[in-house]
């Protein structure tokens, strides 16, 4: 299987990310699922997870790819039942445009 590279770019949020997934054999007869991620243009981080068979490693790659593609295509706009400020909006009222003085206690 060839490597898969996903990009998530949002100039409005100054977000330039990449996520690379690959399956490669190692020197010990195992198959490694390799994940690399970070800001575009940087070396980023790498995680290598060994699997005994290529089928298991490719299944892990498929699961991770599906999860990342789902996240990359999701809209980050306010959805019904979700605050516009994201998951931290309830704890940080200033992220919703309110100051601490006029925030209801």
Legend entry - Cα-based shape type of the range 2-47, given that a ≥ b ≥ c are square roots of the gyration tensor eigenvalues and the cut on a/c is 1.5: prolate
Inset, instruction - Highest first, please rank the peptides 11-20, 54-63 by the mean number of other Cβ atoms sitting within 10 Å of their residues. - result: 54-63, 11-20
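Values quoted throughout were computed directly from the atomic coordinates according to the rules given, and no laboratory measurement underlies them. Keep in mind it's a predicted model, so treat the numbers as computed, not measured. Using ideal geometry, Cβ is built from the backbone for each residue, glycine included, and neighbour counts are taken over all protein chains shown.
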